[in-house]
1. Stokes-Einstein at 25 °C, 0.890 mPa s, Kirkwood radius from Cα pairs: D for the stretch 30-159 in µm² s⁻¹?
2. What is the extension gain from residue 59 to residue 115, computed as 0.36 nm multiplied by their sequence separation minus the C-alpha to C-alpha distance, in nm to one decimal?
3. Quick check: pseudo-label points 7 Å beyond the Cα along Cα→Cβ at residue 52 and residue 35, how many nm apart are they?
4. Pairs of Cα atoms under 8 Å, at least six residues apart: use those to get the relative contact order of the stretch 30-159, whole percent.
5. For the stretch 28-147, give me the percentage of DSSP beta bridges that are antiparallel, rounded to the nearest 5 percent.
6. If you take the alpha carbon radius of gyration of the stretch 43-98 and divide it by 2.2 N^0.38 Å, what ratio comes out, to two decimals?
7. Using 1/(1 + (r/R0)^6) with R0 = 45 angstrom and r between the beta carbons of residue 13 and residue 156, what's the FRET efficiency to the nearest 0.05?
8. Quote to one decimal, in nm, the extra length available between residue 140 and residue 85 on full extension: 0.36 nm per residue of separation minus the C-alpha distance between them.
C-alpha cells in the first residue's frame, strides 16, 4: 500500500512538472523610461509614490532635473474621492464608490507629447457600526487603485512608439 501511494505521488509530480508551465516576463517594456523626469504638483500623492517605487523596483534611473532628462512624465491631475452609490430607507449611505482620476502627458525624446486621462473606480458597502474598518477598507482600495493606475500608465507609455 505504501509503495502504491509513493508511485501515485511520483506520477503526479512528474505530470505536473512536465506540463510546460513557465512564468512570463512583464509585458511592460519600461526600458524606454530610463533617464526620465517626473513632473508633478504633489510629490506626496499615493500615485507618485507608487510610480517611483515601481520604477525603482525595475532599476530605472530617474533624472534629477527636467533639463537632463530624455523623457518627461507630467502629472497634470492626480485626485481621489468617493461618491454615494446607494442609501437606506433612513437616508443613510450604505454603499460608496471610490475613484482615482489621473491626467498625465508623456514627452519622449523626439518631444512628441501624448496627453491621457485615466479613471478607475471600486465600490464598497458601508455600515455605521463599522466605521473604523470601513475607512481602512477605503484606504486599501485607494492604494490598490493607485497601483493599478501605475501599471496602466506604464503599459500605455510602453505601447507608444
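1. 152 µm²/s
2. 17.6 nm
3. 2.2 nm
4. It comes to 23 percent, rounded to a whole number.
5. The answer is about 80 percent antiparallel.
6. So the stretch 43-98 has a normalised radius of gyration of 1.85.
7. Values: r = 42 Å, r/R0 = 0.93.
That pair, residue 13 with residue 156, gives E of 0.60.
8. Value of the extension gain: 17.9 nm.
Bear in mind these aren't lab numbers, they're just calculated from the coordinates by the rules spelled out. Keep in mind that what you see is a predicted model, and the values were worked out from it rather than measured. Because the Cβ atoms are built from the backbone with ideal geometry, glycine has one as well, and the counts that use them run over all protein chains shown.
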